[in-house]
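The values are calculated or read from the model by the stated rules, or taken from the named source; none is laboratory data. It should be emphasised that the depicted structure is a prediction, and the values quoted were computed from it without experimental measurement. No Cβ is skipped: glycine too gets one built from the backbone with ideal geometry, and neighbour counts run over all protein chains shown.
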């Protein structure tokens, strides 16, 4: 057993946080003695309510949390007609570029009336995030984390009244300073090698910097951690545990389409890039023909958040759907958020097995390290 | 004492390699029980001979090594008139861009007849590297390392006949496969956070990948390592030791101009970038007005190695000289190769003190880690 400030704070057996959008992964990690965190921004309030209810049925009172994406900066619109006013800000040139790209790769039309891009516009707006938070606080969550920017002031108060731990992901020191001032209980130092929204500083450098700033408050390391050796390294850097995201994309329970998972299994650590072409902010993902196209001459370049995800979300639904039917063009474009650890994926396993293996390998690595100084 | 495959292979007390262009740093690290490696490409054969002689006078038989930059791909010229034929390949547009940039910042003219750019052209050529190797093998070196590309086939044979260990820096798995096939004894897994020529994969991800490939051959971790915690993390990742470069830029013995060192002491980890504008290949350095200028509209973009260093080396001599005289424009442009650990620099210390402190802090960190599983 590895005891740290994190296992004490969250009341878990292992200092492993499993972040994922799939409720099955969250339940699997929590049931294996880690701490599952659901990516709530992927859902409408009604869907989130159903997912959290399901998770609680699986975990028998064991702790879990939620993560929200509340960006500090985003394009704004008319609050009374948010979706339409945002949609009006998307240039025709961009819409045409995406349509031409899908046509070039022969990606079939999607089912009409995709709501997903509208939901994203709402979820990424402060009001939309607040609605998701209301749902989260109506459940038995132990932690609420924010992946982008400083939590709204009332969030920290509200969480603390409810006995809920507040965490924040940070990519550089100045972000951590602001987060600590806002009263968060826990920081996640996320290195550039991580999947999804990430900065440029590597976990090896960032973690001790944030640990130094955080004083008594625990810091988790995120980015580049998918094995016992990497978890032991994170603890050596001063982290009180690890926040793993990409690792669970190699789990059975993860809901990412199988064609994406197959690309992950075949990928090397050098096959990712940081690109703003999916969300409007730099996010690490698997490099595909999609990214090559956005880098070609004539590309209009990405829009800011949330316009870029509104622009491309239907395209990704079409790509995912066609790739599932083995469409060659769609498979060339297919991609998803993933960190550099993708190169270590060798197969799909249950999330609970991944959790237990990570911890056991870390424990044996720590024992080996101890023998170096005998 | 930390014993690893590296301390056994090189016959040193501590698994710490100190890479630097300053003979004082090399001697300081070796004398403190680490292993100093001199960056030989900075010198002519005659200068290198003098430097190695001086080092051997300082270290009383203790082991040290040299590092050469032998690129696999480079612009080539007429072997009978190498410098002139290379210089003829530099477009007038580029020369004008550099001159205008220096004028914009008011950097004074340099002393006429700078030879340095010509020497670089020679040193970065295979024949030039061979002349430096001849000098190195005439001294009592224990290791020869190559920072770019696969060592020439005869280098491995020659080194092994002389009982000299051959090492190579690698930034991704496919490079390591080639290096291992070429017969190197030791690999250095260099993460993107490192200073100088570096790839995109972080140390946290790259190190275990290379350790896995290398089998019985020791692997050092490089990039992001400047403290005992980071050294302990490198050992946790499976490295047999650490290859530190940037760290020594915070030593008294390092010959980097003081204005650069002052910028380093004031810098944050977020103040570096990977840029090809100094050597023609992506190399991490401190971001300055120089890099901003090369990113502006109208920039001609960098030339390949060795044309880019030939183009800019005199400019850097002028910038360094003016910055030493407290020239504001030169200080705005001033920069040098450095990794993301620059954010941890708090002052200048002797290289031997840095070495001893690194090892002592690593030992105490390993002891703390052991208590996590009590």
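Residues in the range A:238-253 that are touching a strand residue (DSSP E or B) at 6+ places or on another chain (Cβ under 6 Å) and under 15 Å from residue B:234 (Cα atoms): A:239 only.
Taking the range B:242-263 as the range and being within 14 Å of another protein chain (Cβ to nearest Cβ) and outside any loop (DSSP other than H, G, I, E, B) as the test, the residues that pass are B:242, B:243, B:244, B:246, B:247. Residues in the range B:1-43 that are in a loop (DSSP other than H, G, I, E, B) and within 14 Å of another protein chain (Cβ to nearest Cβ): B:1, B:2, B:3, B:4, B:13, B:14, B:15.
Determine, yes or no, whether residue B:67 is in contact with a strand residue (DSSP E or B) (Cβ under 9 Å, 6 or more places away or on another chain), within 24 Å of residue B:307 (Cβ to Cβ) and either in contact (Cβ under 8 Å) with a residue 40 or more places away in the chain or not in a loop (DSSP other than H, G, I, E, B) (or both). It would help to see each step written out before you state the result.
Numbers: in contact with a strand residue (DSSP E or B) (Cβ under 9 Å, 6 or more places away or on another chain): yes; within 24 Å of residue B:307 (Cβ to Cβ): yes; either in contact (Cβ under 8 Å) with a residue 40 or more places away in the chain or not in a loop (DSSP other than H, G, I, E, B) (or both): yes.
So residue B:67 passes the test.
Between B:258, B:273, B:249, the distinction of being in contact (Cβ under 8 Å) with a residue 60 or more places away in the chain, farther than 21 Å from residue B:6 by Cβ and surrounded by fewer than 24 Cβ atoms within 10 Å (Cβ to Cβ) belongs to B:258 only.
Would it be correct to say that residue A:160 is within 12 Å of chain B (Cβ to nearest Cβ) and surrounded by fewer than 24 Cβ atoms within 10 Å (Cβ to Cβ)?
Details: within 12 Å of chain B (Cβ to nearest Cβ): no; surrounded by fewer than 24 Cβ atoms within 10 Å (Cβ to Cβ): yes.
Spelling it out, it is not the case that residue A:160 is within 12 Å of chain B (Cβ to nearest Cβ) and surrounded by fewer than 24 Cβ atoms within 10 Å (Cβ to Cβ).
Might you check whether a residue that is touching a helix residue (DSSP H, G or I) at 6+ places or on another chain (Cβ under 7 Å), part of a strand (DSSP E or B), crowded, with 21+ Cβ neighbours inside 10 Å and modelled with pLDDT of 95 or more occurs anywhere in the range B:44-55? Within the range B:44-55, none of the residues are touching a helix residue (DSSP H, G or I) at 6+ places or on another chain (Cβ under 7 Å), part of a strand (DSSP E or B), crowded, with 21+ Cβ neighbours inside 10 Å and modelled with pLDDT of 95 or more. Close contacts from the range A:346-374, counting a first residue that is free of Cβ contacts under 8 Å to residues at least 60 places away in the same chain and within 13 Å of chain B (Cβ to nearest Cβ) and a second that is part of a loop (DSSP other than H, G, I, E, B) and buried (at least 20 other Cβ atoms within 10 Å of the Cβ), with Cβ to Cβ under 6 Å and a gap of 6+ residues or different chains, come to A:372/B:2; A:373/B:2.
Scanning the range B:325-352 for residues that are in a helix (DSSP H, G or I) and in contact with a helix residue (DSSP H, G or I) (Cβ under 6 Å, 6 or more places away or on another chain) gives B:330, B:331, B:332, B:333, B:340, B:341, B:342, B:343, B:351, B:352.
Take residue B:238 and tell me if it is within 10 Å of chain A (Cβ to nearest Cβ), touching a helix residue (DSSP H, G or I) at 6+ places or on another chain (Cβ under 9 Å), within 28 Å of residue B:265 (Cβ to Cβ) and part of a loop (DSSP other than H, G, I, E, B). Show your work before the answer.
Numbers: within 10 Å of chain A (Cβ to nearest Cβ): yes; touching a helix residue (DSSP H, G or I) at 6+ places or on another chain (Cβ under 9 Å): yes; within 28 Å of residue B:265 (Cβ to Cβ): no; part of a loop (DSSP other than H, G, I, E, B): yes.
Answer is no for this residue.
Residue B:187 meets the conditions (1) buried (at least 20 other Cβ atoms within 10 Å of the Cβ); (2) not in a strand (DSSP E or B) in every case but one. The failed one is (2).
Quick check, is residue A:355 part of a loop (DSSP other than H, G, I, E, B) and within 28 Å of residue A:202 (Cβ to Cβ)? Criteria not met by residue A:355. Considering the range B:176-211, and only residues there that are within 12 Å of chain A (Cβ to nearest Cβ) and without any contact (Cβ under 8 Å) to a residue 24 or more places away in the chain, the residue that is nearest to residue B:239 (Cα to Cα) turns out to be B:205. Residues in the range A:199-226 that are closer than 20 Å to residue B:201 by Cα and surrounded by fewer than 24 Cβ atoms within 10 Å (Cβ to Cβ): A:199, A:200.
Please go through the range A:146-161 and give me each residue that is under 20 Å from residue A:306 (Cα atoms) and in contact with a strand residue (DSSP E or B) (Cβ under 8 Å, 6 or more places away or on another chain), ordered by number. Walk me through how you get there before you give the answer.
Within the range A:146-161, the first condition is being under 20 Å from residue A:306 (Cα atoms), and the residues that meet it are A:146-152.
Matches in the range A:146-161: A:146, A:147, A:148, A:150, A:151.
For every residue, the table says whether it meets (1) surrounded by 21 or more Cβ atoms within 10 Å (Cβ to Cβ); (2) under 30 Å from residue A:63 (Cα atoms); (3) at pLDDT 90 or above.
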| site | (1), (2), (3) |
| --- | --- |
| A:91 | no, no, yes |
| A:106 | no, no, yes |
| A:110 | no, no, no |
| A:115 | no, no, no |
| A:123 | yes, yes, no |
| A:127 | no, yes, no |
| A:136 | yes, yes, yes |
| A:145 | yes, yes, yes |
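Tallying residues that are surrounded by fewer than 20 Cβ atoms within 10 Å (Cβ to Cβ) and either part of a loop (DSSP other than H, G, I, E, B) or under 18 Å from the mean Cα position of the chain (by Cα) (or both) within the range A:289-315 yields 7. The set of residues from the range B:212-228 being within 10 Å of chain A (Cβ to nearest Cβ), touching a strand residue (DSSP E or B) at 6+ places or on another chain (Cβ under 6 Å) and assigned to a loop (DSSP other than H, G, I, E, B) comprises B:223, B:225.
Give the range B:163-175 a look and list any residue that's within 12 Å of another protein chain (Cβ to nearest Cβ) and surrounded by fewer than 24 Cβ atoms within 10 Å (Cβ to Cβ), or say none.
Taking the range B:163-175 and keeping what is within 12 Å of another protein chain (Cβ to nearest Cβ), we get B:170-175.
If the condition is that a residue be within 12 Å of another protein chain (Cβ to nearest Cβ) and surrounded by fewer than 24 Cβ atoms within 10 Å (Cβ to Cβ), then B:172, B:173, B:174, B:175 are the ones that fit.
Please enumerate the residues belonging to the range A:264-279 that are more than 21 Å from residue A:326 (Cα to Cα), modelled with pLDDT of 95 or more and part of a loop (DSSP other than H, G, I, E, B). Within the range A:264-279, A:268, A:276, A:277, A:278 qualify. Considering B:367, B:352, the condition of being more than 16 Å from residue B:265 (Cα to Cα) and surrounded by 15 or more Cβ atoms within 10 Å (Cβ to Cβ) is satisfied by B:352 alone.
For the range A:254-288, a residue qualifies if it is more than 25 Å from residue B:190 (Cα to Cα) and in contact with a strand residue (DSSP E or B) (Cβ under 8 Å, 6 or more places away or on another chain), and the qualifying residues are A:254, A:260, A:263, A:276, A:278, A:279, A:281.
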